[in-house]
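Read through the structure below, which is laid out as structure tokens, and then see the notes.
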Amino acid sequence: MEGKYLFSTNNSLLLIDTKLKNITYVGALPVKGFLFKDDLNCLWLGALKNLYKFNQADKDFHEFKVGNNIFSNGVTCIRQLPNNIFTIGIRFSGVALMKDTSVIATITEKEGLLDNSIKYLLPDGNRLWVATPKGISAITFTSYNPIAYNIKNFGDNAGLGNQIIYQLIKFKGNVLAATSKGIYEITDVEKLLQEKPIPIPLYITNINSYKGDTSGISSITVPYNYSRVTVKFNAICFNTPKRYNTFIV
């Protein structure tokens, strides 16, 4: 709407028309939150405890519920992919993908996301940039039916750890992140996303085995508490290099 702007004040949604130089009342706001207008000019309100959709008939926002009512956890951000699939940041629960009125998938730490707390979403063609407290996850969709994607993370390994990301924007083919420590720029995006991870080296430092003659042994019987193999190893997470753990399997 050229020359027209929506803004909220107290519990009301107002429309400013800069050409007519007037302000008109649009509807009531049930709670405080952020506004989003989709490609069909429908208004959404994301809030701490739910997602709301504006009803033009009674000029009011109503709770938008789906089957498992995942939105009751709270909504932190909402954006729309070019194919009209909504991407919705759920409070402490990752990203939900919604088509029409159904949540068709969720993407969380379990699927490879850096963190389940979503600060900002930036759709970019078939890609979704996700800002989290631990850095940025780039989700590239390879299929929407069924949902298929791969994730590239930029965390401590890219200097994005321990800072707040307020906003993401595209600028001259690059991605800019407004952070608590300044502006961070991700350049050569396609090349960077296609880089293959460095193979993790395996170092064998010690092997213990039976030292006797085994040429005539067809089976070995050991007490029950020794009938197992123990492998001790150290592992480093390359997204978070500070994590260095020892495991016994």
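The table below lists the values:
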{"item": "Residue list for region 60-101, restricted to those being of a type in the set (Gly, Ala, Ser), in contact (Cβ under 8 Å) with a residue 24 or more places away in the chain and part of a helix (DSSP H, G or I)", "result": "none"}
{"item": "Criterion (in contact with a Gly (Cβ under 7 Å, 6 or more places away or on another chain) and of a type in the set (Lys, Arg)) met by exactly one of 91, 127", "result": "91"}
{"item": "Qualifying residue in region 141-157 (condition: under 25 Å from residue 65 (Cα atoms) and in contact with a Leu (Cβ under 7 Å, 6 or more places away or on another chain))", "result": "yes"}
{"item": "Of the criteria (1) under 26 Å from residue 144 (Cβ atoms); (2) assigned to a loop (DSSP other than H, G, I, E, B); (3) small (Gly, Ala, Ser), which one residue 57 fails", "result": "(1)"}
{"item": "Of residues in region 68-113 being among the hydrophobic types (A, V, I, L, M, F, W, C) and closer than 19 Å to residue 134 by Cβ, the one surrounded by the fewest Cβ atoms within 10 Å (Cβ to Cβ)", "result": "92"}
{"item": "Residues located in region 87-119, provided they are among the small types (Gly, Ala, Ser) and touching a Pro at 6+ places or on another chain (Cβ under 7 Å)", "result": "117"}
{"item": "Unique match (being at pLDDT below 65, polar (S, T, N, Q) and closer than 16 Å to residue 113 by Cβ) among 240, 230", "result": "240"}
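The values are calculated or read from the model by the stated rules, or taken from the named source; none is laboratory data. A quick note: this is a predicted structure, and the numbers were derived from the prediction, not measured. We place every Cβ from the backbone using ideal geometry, glycine too, and count neighbours over all the protein chains shown.
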